[in-house]
Amino acid sequence: MTVFLVIIVIALFAVTIWQMSKIFDLSRSSNEVDSSQIANDKDNKTQAYLSVGFAIFFYGLMFYSFWNLSKFYLPEASSEHGSEVDTLMFITIIIIMIVQILTQALLYWFSYKYRGQKGNKALFYADNDKLEFIWTIIPVIVLAGLIIYGLFTWSDIMNINEDDDPMVVELYAYQFAWRARYSGEDNTLGKANVRFIEGVNQLGVDESDPYGNDDVITTELHLPVGKPVVFKFRSQDVLHSAYFPHFRAQMNVVPGMITQFGFTPSITTEEMRESEYMVDKVQTINEIRKENSIELIAQGEVPLDTYEFDYFLLCNKICGQAHYNMQMKIIVESQEDYDAWMAEQNTFATSMAPQ
């Protein structure tokens, strides 16, 4: 901390000296002013060429980044609504890129074409109602289209059809982990309140509510593929955010209130593991781990485990010191495998019986 403060003090002192020198230059008489600091035609021409050079470098770096970093994109969405989200995102990116390429190209071209030259005088152009209308109405139409498209997409995602008999699952967040509470055979969650948290009742389920007796509380989230799921979110302490990157879903988890989100898983964990994208990614990761393990073994430490893909629920809000480790494994499986797993779990009433 001391070193950091010393660096700040030195930097501020340098800025102060620089500002004082500028004030001194401004206070000098016109006869004493160094005319070499005044831009001439040669300077303007040099700056114009540098501007064009920077534009070429800028576009080259941009296209290289798109090409080289595309491998870090997420794979295809693992939920039915995910493709709609991806489509909306790519349409937005395309529109932004078109506008960015045109405006930046014009900016750098104008800086070159209309560079300062001796004898040239800038044209005073007061206004043009037609041009102002065009560059106002086009963004309005484009933005309105994106917003309306986004609202319809959001409405389709949030308004889950009750006729589909969606499964109800509560996701309970606390520093720094998640718990899942399944609604049991009656598909209705029992009431809960943080005031009821005591002993093994870590989620504060109301023991007097009969709907809570068949609830199942787990540390892993198992979901049957093709089954609509409504998630109810609660937080015990601070603001969290439930983030399902592969399912293109995210919802804030707010203390004192219940938020909700829903989606239908469309790709099982095993299917995603066997996809071409994930096979290549896992292979690359394991090659890196193998190289790092050689060094660890040489130092007498335990080598890294072999990586295997899994879906995860993450927290996307910086909620405290161990925020980075707040995650829950998600397993998307067939209905038969899900039923078999659920049959092995204890209900809330069974867990509370010894109490």
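The values are calculated or read from the model by the stated rules, or taken from the named source; none is laboratory data. In this text the structure is predicted, and so the values were computed from the model without any measurement. All Cβ positions, glycine included, derive from the backbone under ideal geometry; neighbour counts span all protein chains shown.
Of all residues in region 141-175, those that are loosely packed, with under 15 Cβ neighbours inside 10 Å, aromatic (Phe, Trp, Tyr) and closer than 19 Å to Val229 by Cβ total 1. When restricted to residues that are within 28 Å of Asn316 (Cβ to Cβ) and polar (S, T, N, Q), region 202-215 contains 1.
Inside region 210-227, can you point out the residues that are buried (at least 16 other Cβ atoms within 10 Å of the Cβ) and farther than 17 Å from Met342 by Cα?
In the first step, residues of region 210-227 are kept if they are buried (at least 16 other Cβ atoms within 10 Å of the Cβ); the result is 211-218, 221-225.
Scanning region 210-227 gives a single hit, Tyr211.
Look at (1) of a type in the set (A, V, I, L, M, F, W, C); (2) at pLDDT 75 or above; (3) closer than 21 Å to Tyr112 by Cβ and you find that Val9 fails only one, number (3).
What residue, among those in region 176-193 that are outside any loop (DSSP other than H, G, I, E, B) and touching a Leu at 6+ places or on another chain (Cβ under 9 Å), is surrounded by the fewest Cβ atoms within 10 Å (Cβ to Cβ)?
Only one residue fits best here, namely Arg179.
Right, Tyr338: of a type in the set (Phe, Trp, Tyr) and over 20 Å from Gly184 (Cβ atoms) or not? The answer is no for Tyr338. Of the strands (runs of 3 or more DSSP E) lying entirely inside region 250-338, those carrying at least 3 residues that are aliphatic (A, V, I, L, M) are 327-333.
Within region 98-140, the set of residues being surrounded by 10 or more Cβ atoms within 10 Å (Cβ to Cβ) and either of a type in the set (Asp, Glu) or in contact with a strand residue (DSSP E or B) (Cβ under 6 Å, 6 or more places away or on another chain) (or both) comprises Glu132 only. Per the listing Leu146, Leu123, Leu151, the residue uniquely in a loop (DSSP other than H, G, I, E, B), among the hydrophobic types (A, V, I, L, M, F, W, C) and at pLDDT below 90 is Leu123. Being β-branched (Val, Ile, Thr), more than 23 Å from the chain's Cα centre (by Cα) and modelled with pLDDT of 90 or more holds for only one residue in Val225, Val254, Val229, Val194, and it is Val225. If only residues of region 41-85 that are acidic (Asp, Glu) and not in a loop (DSSP other than H, G, I, E, B) are counted, the one that is modelled with the lowest pLDDT is Asp41. Please verify whether Tyr64 is hydroxyl-bearing (Ser, Thr, Tyr) and surrounded by 11 or more Cβ atoms within 10 Å (Cβ to Cβ), treating the condition exactly as stated. No; evaluated as a whole, the condition is false for this residue.
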